[in-house]
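Input: a single structure, listed below in structure tokens.
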């Protein structure tokens, strides 16, 4: 037995295969279109919209594809 296994056994923990316990998250490949991103940007800059509208617009912009450096 390795030291870690003995240590965990002494503490009363059950040793499980750590690799089987790892859960990976699914990748979301959907991204906001340029047209929607442009509209969302205008909403964020316009003072006439409320916080809920701006929250949705910010969420849409957060899901856009990075444009890269100019």
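The values are calculated or read from the model by the stated rules, or taken from the named source; none is laboratory data. None of the values given here were measured: they were computed from a predicted structure. Neighbour counts run over all protein chains shown; Cβ positions are idealised from the backbone, glycine included.
For the reader, a short list of remarks on this structure follows.
- Candidate set: the range 36-69, residues that are in a loop (DSSP other than H, G, I, E, B) and in contact (Cβ under 8 Å) with a residue 12 or more places away in the chain; chosen: the one surrounded by the most Cβ atoms within 10 Å (Cβ to Cβ): 63
- Test: residue in the range 21-35 that is in a helix (DSSP H, G or I) and modelled with pLDDT of 70 or more: yes
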